[in-house]
Structure formats: C-alpha cells, structure tokens
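FYI, it's all coordinate maths here, none of it is from the lab. Note that the structure is predicted; figures quoted are calculated from it, not measured. All Cβ positions, glycine included, derive from the backbone under ideal geometry; neighbour counts span all protein chains shown.
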Amino acid sequence: MRKILTVLAALASLSLTNCGYNAIQSEDEQIKANWSEVVNQYQRRADLVPNLVNSVKGFAQQEKDVLLGVTNARAKVGSIQATPEVLNDPAAFQKFQAAQGELSGALSRLLVVTENYPQLKSDALFKDLMSQLEGTENRITVARNRYIKAVQDYNVTIRSFPSNVTAMMFGYKEKPNFTVGNEKEISTAPKVDFNPAPAPSK
C-alpha cells in the first residue's frame, strides 16, 4: 500500500510540474510589470502637457480651441484609473486606450499649430519640452511593445495544452492587447500626387 501511495504522490508531483501553473503566474506578473511601465510613460507624457500648453499660450493666444482640446484630453486621461484590473476588463482597457488616443490626437493638432509661430519654435523652453515629449513618445512605444509581447506570451500559454486546463481550473482568461482604432484607414496606401493642383477658374 505504501508503494502505491509513493508512486501516486510521485505521479501527482510530476503532473503538477508540467501543468503550466508557474508559467502562467510568471507571465501574468510580467504583464503587470510591463503594464506599469506603459502607465508610467503615459503619466510622464500627461505631466509634460501643462508645461507645453503654457509655453504655447504665451505665443498663440488665438489658438484657444486647440489649447483647450489638449487640456480637456489630458483631464480625461487623468480621470481614468489605470490599475492592473484594467487588464482583466476589455471595456475598461478600450476606454483607457481611447483616452490616450484622444490625447495623442490633441497633441498632434497642437504641434501643427506651433508651425505657424517661428518665434515659439526657437524658444528654449519650448524646444526642451518638445524634446522631452518626443523622448516620452518613444518610451511609450517601447513600453507598449513590451506589453504586447508579454500579453502574447501569456495568451499563448493559457490557450496551449496542458496549461489551458490549469488556466480553466483557476479562472485565467485572455488579456486584452493594444489595437489600432483606424486599422482600415492605415492599411490603405496613401496616394501621393506631385502634380500641381489646377488653378481655379475665374
């Protein structure tokens, strides 16, 4: 009887080592760490926005709509709690991603406006803020790429046998990933035409 129990215990321990539980735990923690880095970089960008808006304000008072748009988009981003629980709620994740996209769009419009003010572009504070913003956007891209890879690894693990059985037993679900909101638009190649536009007829 003792030999049978020993053999059963050995088989149980062998089956547990290959069940994928530890891999799921490790990958889930990697996702949380990468998510924290994404949020950290988005926060860095949000912190730069007020300084950038204030530096533009002094030069471009007539651009209040653009400045207000950036300020409102930043407020919307700040109102969303980017906790690790967002990762388990696809709707909350989508809301977070939409708010970040709105802020990116508002910042792009602000940068277009600054092209009309050469003295602003030569301002040392503005140049420094733009450099910081550019660096932050690059950090966001790197952090998002790491997060995307971690989610991919995790989702493959919980969908692969035998760890999918463990995932079902413990209630692990697929994590949402970043998506492109305008995928259809960006998949179409832009049309480039170097011919001058015809002069309007008078």
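Scanning region 127-164 for residues that are in contact with an Asp or Glu (Cβ under 8 Å, 6 or more places away or on another chain) and without any contact (Cβ under 8 Å) to a residue 40 or more places away in the chain turns up N155, R159. Residues that are over 17 Å from S36 (Cβ atoms) and among the small types (G, A, S) within region 120-172 comprise S122, A124, S131, G135, S160, S163, A167, G171, listed in sequence order. Residues that are part of a helix (DSSP H, G or I) and either among the β-branched types (V, I, T) or surrounded by fewer than 19 Cβ atoms within 10 Å (Cβ to Cβ) (or both) within region 98-117 comprise A98, G101, E102, S104, G105, S108, R109, L111, V112, V113, T114, listed in sequence order. Residues in region 148-163 that are touching a helix residue (DSSP H, G or I) at 6+ places or on another chain (Cβ under 6 Å) and surrounded by fewer than 18 Cβ atoms within 10 Å (Cβ to Cβ): 1 in all.
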